[in-house]
Every structure is written in structure tokens, then in C-alpha cells.
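> Take this structure first; my questions come after.
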Amino acid sequence: MPRARHQPRLKVTATIGTRHPNVDLNVLAIAPAQPRYTPAMPPSPRIADFVASLPLAPGMRVLEIGCGPGVAARAVCRRIGHGRVVAIDRSATAIRIAARASRAECEAGLLELRLAAIEDFVLAGNEPRFDLAFAQRVGVLDGRHPADTALRRLKAALTPAAFLFVDGMPPLPARDL
Ligand SMILES: C[S@@+](CC[C@H](N)C(=O)[O-])C[C@H]1O[C@@H](n2cnc3c(N)ncnc32)[C@H](O)[C@@H]1O
């Protein structure tokens, strides 16, 4: 009998190498469930090492582009004393997840999350410029996509002495953006 084209998703519970009765596939492997992100989770070594390499100091104003769930932004908060991090992401889902995990930092006034693409980013009102900006795995800044508009926006948002740090790239002085 022909099978319906769209069947409801099935939870596969079978031993590797067996043939599951409800699924038209041999079971080769079962991916472990992704752990749901919680703020108590420490940053991954990739993010921890990147943040450790940033020349942060108490009182700095820091901009993160493409913050995702906000792991790096929260790690930066722990190194800038009474400073401030503004973390932007163009994905509403990312900002929602980051907000849920960053309640303490946001309530303490250390972190602000904004839904924005860097290509559209402008300082709010009389907001001071940032002393440092960084991005990890963000295509428009790591050379995967054209960056002219993004770099123009960044230059306008950074102090002349600021640097932009992007994973896999040498630090870029704001004056050269
Ligand atoms: C691969 S994830 C990396 C997240 C986090 N930085 C990390 O390293 O785990 C890229 C994130 O950057 C965001 N993003 C990509 N392009 C962007 C842009 N032009 N402006 C703002 N956010 C951007 C995406 O929505 C996504 O949340």
C-alpha cells in the first residue's frame, strides 16, 4: 500500500543496526538531544578563549555583533566592571533566547540586547560610541559576505581609538574601517 507523503514526525527509539517498524530507514545512529541552553552553562572553549583574548577593562563600552544566545556577551559583562555591553542580532529568536538567559545582566544594567542587523545599526540618541566591538561567526564580518555597509555603520558607532575583533582575523582599528 502506498505510504502517505507527509507523515507525522516520529520519535525514533531503536537499537543501532535494527530496522524500526514505523520508519523506512535502517537506524544508523541516534543523535544525542541538544542540551537546552541555560545561563548556568559555562561558555564553550571557543567562546571562552575568544573573550579571554579581548583587551577588556573596567568601564568599557562594548558592542557585540551577532550575539546569538548571548554567551560571549555575558562573559564580557564579567570583565568590564561597571561598563556596558550592547549585543545585537538580526534574529528575533536569537534575541529572545539571549534575553531569557541574560536576565541578571540586563537587570543589572550591564547588558542591553537589541534586535538589529549591523547593516542598519545606529547609535541611539546621544548614546556614546563604543570602545571595542567584536563578532564571532558572523558572515558579514568574517569575509564570507560583502561588508561595506556593515563596516561603515561600525565606524560611525566606534570611538577613533576602538578596535574591531572578529574571529580568525587580525584586530582592525576603527580608523581603518
Ligand atoms: C553562527 S551564529 C554565531 C552566534 C555567536 N556569535 C557564536 O559565536 O556562538 C551567527 C549569529 O549572527 C547573527 N547575524 C548574522 N548576520 C548578522 C548581521 N548582519 N547583523 C546582525 N546579526 C547577524 C545571526 O542571526 C546569528 O544569531
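The values are calculated or read from the model by the stated rules, or taken from the named source; none is laboratory data. These numbers come from a predicted model, not from an experiment. Reconstructed Cβ throughout: ideal geometry from the backbone, glycine too, with neighbour counts over all protein chains shown.
> Does segment 97-113 hold any residues that are within 11 Å of the ligand (Cβ to nearest atom) and out of contact with any Asp or Glu (no Cβ under 8 Å at 6 or more places or on another chain), and which are they?
At the first step, the residues of segment 97-113 found to be within 11 Å of the ligand (Cβ to nearest atom) are 97-98.
Listed by number, the list holds a single entry, Ile97.
> List the number of the failed condition for Val85; all other conditions in (1) in contact with a helix residue (DSSP H, G or I) (Cβ under 8 Å, 6 or more places away or on another chain); (2) assigned to a helix (DSSP H, G or I) hold.
The number of the failed condition is (2).
> Within segment 102-118, can one find any residue that is among the hydroxyl-bearing types (Ser, Thr, Tyr), more than 20 Å from Phe50 (Cα to Cα) and either within 17 Å of the chain's Cα centre (by Cα) or at pLDDT 95 or above (or both)? First the steps, then the outcome.
Let us first name the residues in segment 102-118 that are among the hydroxyl-bearing types (Ser, Thr, Tyr), namely 102.
Filter once more, so that each one left must be more than 20 Å from Phe50 (Cα to Cα): none.
Looking through segment 102-118, none of the residues is among the hydroxyl-bearing types (Ser, Thr, Tyr), more than 20 Å from Phe50 (Cα to Cα) and either within 17 Å of the chain's Cα centre (by Cα) or at pLDDT 95 or above (or both).
> Mind telling me which of the residues Arg90, Arg74, Arg103 ends up being charged (D, E, K, R) and out of contact with any helix residue (DSSP H, G or I) (no Cβ under 9 Å at 6 or more places or on another chain)? Please lay out each step first, then the result.
Numbers: Arg90 fails: out of contact with any helix residue (DSSP H, G or I) (no Cβ under 9 Å at 6 or more places or on another chain); Arg74 fails: out of contact with any helix residue (DSSP H, G or I) (no Cβ under 9 Å at 6 or more places or on another chain).
Answer to the selection: Arg103.
To keep it simple, each residue is scored yes or no on (1) within 14 Å of the ligand (Cβ to nearest atom); (2) touching a Phe, Trp or Tyr at 6+ places or on another chain (Cβ under 6 Å); (3) aromatic (Phe, Trp, Tyr).
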| site | (1), (2), (3) |
| --- | --- |
| Ile65 | yes, no, no |
| Ala124 | no, no, no |
| Phe130 | no, no, yes |
| Pro173 | no, yes, no |
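> Only one of Arg129, Arg114 is out of contact with any Ser or Thr (no Cβ under 9 Å at 6 or more places or on another chain) and of a type in the set (Lys, Arg). Can you tell me which? Walk me through it before giving the result.
Details: Arg129 fails: out of contact with any Ser or Thr (no Cβ under 9 Å at 6 or more places or on another chain).
Answer to the check: Arg114.
> If you don't mind, another one. Which residue pairs have Cβ atoms closer than 6 Å, lie 6 or more positions apart in sequence or on different chains, and pair a first residue in segment 101-123 that is over 17 Å from Arg84 (Cα atoms) with a second residue that is polar (S, T, N, Q) and within 16 Å of the ligand (Cβ to nearest atom)?
Glu119/Thr149
> Could you say whether any residue in segment 141-161 is away from the ligand (no atom under 13 Å from the Cβ), in a strand (DSSP E or B) and within 19 Å of the chain's Cα centre (by Cα)?
no
> Here is a further query. Answer yes or no: is there a residue in segment 73-82 that is free of Cβ contacts under 8 Å to residues at least 60 places away in the same chain, within 24 Å of Asp142 (Cβ to Cβ), more than 10 Å from the ligand (Cβ to nearest atom) and exposed (fewer than 14 other Cβ atoms within 10 Å of the Cβ). Break it down into steps so the answer makes sense when it comes.
The first filter runs over segment 73-82 and keeps only residues free of Cβ contacts under 8 Å to residues at least 60 places away in the same chain, leaving 73-82.
Imposing the further condition that a residue be within 24 Å of Asp142 (Cβ to Cβ) reduces the set to 73-77, 79-80.
This time we only want the ones that are more than 10 Å from the ligand (Cβ to nearest atom), so: 74-77, 79-80.
Then drop every residue that is not exposed (fewer than 14 other Cβ atoms within 10 Å of the Cβ), which leaves none.
For segment 73-82, residues free of Cβ contacts under 8 Å to residues at least 60 places away in the same chain, within 24 Å of Asp142 (Cβ to Cβ), more than 10 Å from the ligand (Cβ to nearest atom) and exposed (fewer than 14 other Cβ atoms within 10 Å of the Cβ): absent.
> Can you name the residue in segment 150-163 that is among the aliphatic types (A, V, I, L, M) and out of contact with any helix residue (DSSP H, G or I) (no Cβ under 6 Å at 6 or more places or on another chain) and, of all such residues, is nearest to Ala57 (Cα to Cα)?
Pass one, segment 150-163, residues among the aliphatic types (A, V, I, L, M): 150-151, 154, 156-158, 161-162.
If we keep only those that are out of contact with any helix residue (DSSP H, G or I) (no Cβ under 6 Å at 6 or more places or on another chain) as well, we get 151, 154, 156-157, 161.
Details: Leu151: 24, Leu154: 20, Ala156: 22, Ala157: 19, Ala161: 14 Å.
That would be Ala161.
> Applying the selection to segment 101-121, what residues are outside any strand (DSSP E or B), within 12 Å of Cys77 (Cα to Cα) and hydrophobic (A, V, I, L, M, F, W, C)?
Passing the criteria: Ala104, Cys106, Ala108, Leu110.
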